[in-house]
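Note sheet for the following structure.
Each value in this text was obtained by applying a stated rule to the coordinates, not by laboratory testing. Please read all numbers here as calculations on a predicted model, not as lab measurements. Backbone-built Cβ (ideal geometry, glycine too); neighbour counts: all protein chains shown.
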Amino acid sequence: MAIHAAVYGRQSAGRANKSEVSTVTQRTAGVAEARRREADSITTYEDLGISAFTGDERPDFERMIKDCLAGRIDMIIVYYVSRLTRQDPLEAIPLVTELLNLGVTIVSLTEGEFRRGNLMDLIHLIMRLDAAHSESKNKRDAVRGAKETAVGLGGYIGGKPPYGFRMVPTTRVTSEGKPIGIQLLEHEPGEVRVIQDVWATIKKHKGEPYKPGGGRRHPGSLTGICSQLMVDEVPTRGQTTGKETKDSVWDPKTLMRILRDPRIAGHAATPIYKRRADGKLTSAIEGYRIERDPETMEPIMAYPPIIPPAEWHELQEWLDGRGQGKGLSRGHATLSAMDILFCECDAVMTSHRATTPNKGSYRCRRRRVLPGQHEGDCTISQKTLDQFVARRICAIIQSAEDDPETADILAEATRRYAAQKEDPELAGERRSLLAERADARQALEELYDREEAGDYNDPVGRRRFRERKDRLMGVTERTEARLSELETAATPALPIHLWLAPGAPAVDPIGPGSWWDTAPVEDRRAFVKLFVERITITKAVGAGKSSPVETRTDIQFVRSPNAPDEQEAEQPGEAFEVTA
């Protein structure tokens, strides 16, 4: 009778030197056993760095099972039964029973042979599965207990130390008087200087305008800083820690992650990892949660700050402005580089300087024409459009007291103005609280789902369910209370008296000598951003292709997220006459 053997090897964690001796040993021994049994075919399967206890997907294991179901395999050879699975026997028995019923013989090189029709083989196999599961569970509980003890003594258990820190081994004594070795984080002087120099560079250059072109990089941008670090031959963490990463270079995303870490401000913090679509955690860091005192909700200071906390929050505010349509001041035009000016084809409109100020224009930056889109270019006068938008905003301000809809726009503008003026540390606290509340709510959802599935039906389970629910509810209540305090704090009023000239609306609000007329580009942009969500420009039509600005411009004003109805589209030109 022909024998088609599968040799399966698994190792839950790869070795640092990439030798993977465990799986090599399993494969070599398994192939030798298959040949001793004179197998007609031998197929090897291997899963490296995947635990059989967690239930995570094991690609080669799944492929082997499919081959068994298809009749291509009739013997599985493993080193230990635990290489197949360490899950609860109640979950594993259906699988192994199905394999045995298919006529697949399971051979363990250290525990014997298990085949269909032998009741004692099945009992023996179940006992081995139970032993493997218990071993993993006990090991997991022991590791978890050791980690909790280490954390309680101030130890670091987060794997590699964050940039700016190094791990130092030390010994602490538990409450029972037992000595235990832990790892502490302390500053790495060379990396500390890099972080401080980067922040000093950002502070020095962040307000400078950016003139694109010619291969120039803004010296205060993340990209510009990374380039300068390479020129100055400042080593990356990878270049100083190992052969595999000796060729690593400074990257804006890596630098962003370093600067986002609350630990450089001295805060105790926990990384938040991204989840896959199926809900499983990945190793990619999505953000950080600052740990807070449960009573005062003040951040817990765990390390001497590399950057003072207040300045770190200022840095976070600056980082929040990085990205397309954000950040560095580009060019000279008011409505460019704010991610609000678009052509009717949904392409961004950019500014084009002419030889004289009155000839400057905004132009559609479309790369290619799609079906149904306008033909040719779509341009509009910068000066004309800037004045039109400014006048519409001034009209909103002047009519807010008498019009509920415009009053709602003014309320949202006030909220945005308060956010602009909010202390960076308070803004950082708000972001952290919102993330903590969202995480607690998600955990509650998962807890209730598990309760509905019957995971807490026994007395111990019900007690643990109540304890965790109370803990999560406590987090939610504390974060909401603090958020409420921040919301009810004094909110600065809009400086309308600065924007509108005395005597408005009889006096031209943007005429000579007005605030708008004398304000720098950055102040104008900030003013527009308070009130405008999006501006859409349509292509000019008619003789000479010259159409009034009010017939081509659709302005979508800001609206409170809590507003009950969607904002209706603005009807251009119905409030007042515009002069080009």
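Along Cα→Cβ, 7 Å out, is where each label goes; now give me the distance between the ones at residue 434 and residue 245 in nm to one decimal.
Going by the 7 Å Cα→Cβ label model, 3.1 nm.
So if I take the centroid of the Cα atoms in segment 369-446 and the same for segment 66-85, what is the distance between those two points in Å?
The two parts, judged by their Cα centres, are 59 Å apart.
Tabulate in residue order the Karplus-calculated ³J(HN,Hα) for segment 532-540, using 6.51 cos²θ - 1.76 cosθ + 1.60 with θ = phi - 60°, rounded to whole Hz; enter x for Gly and Pro.
10, 8, 7, 10, 10, 10, 9, 5, 5
For the pair residue 97/residue 420, report the inter-label distance in nm, with labels modelled 7 Å from Cα in the Cβ direction.
6.9
What list do you get for 312, 199, 318 if you sort them by fewest beta carbons within 10 Å?
Going from sparsest to densest Cβ surroundings: 318, 199, 312.
Under 5 Å between amide H atoms, partner at least 5 residues away or on a different chain: which partners does residue 76 have, H built in plane at 1.01 Å?
6, 105, 106, 107
Between residue 157 and residue 395, what is the label-point separation in nm under the 7 Å Cα-to-beta-carbon projection?
6.4
Express in nm, to one decimal, how much length is gained between residue 205 and residue 171 on full extension, taking 0.36 nm for each residue of separation and deducting their alpha carbon distance.
Value of the extension gain: 7.8 nm.
Could you tally the net charge around residue 104, taking each other residue with its Cβ under 11 Å from the Cβ of residue 104, Lys/Arg +1 and Asp/Glu -1?
Every neighbour counted, the sum reads 0.
How much length would be gained if the chain were fully extended between residue 463 and residue 281, taking 0.36 nm per residue of separation minus their Cα-Cα distance, in nm to one decimal? Spell out each step's value before the answer.
On the way: separation 182, 0.36 × 182 = 65.52 nm, distance 2.68 nm.
Net length gain for the segment: 62.8 nm.
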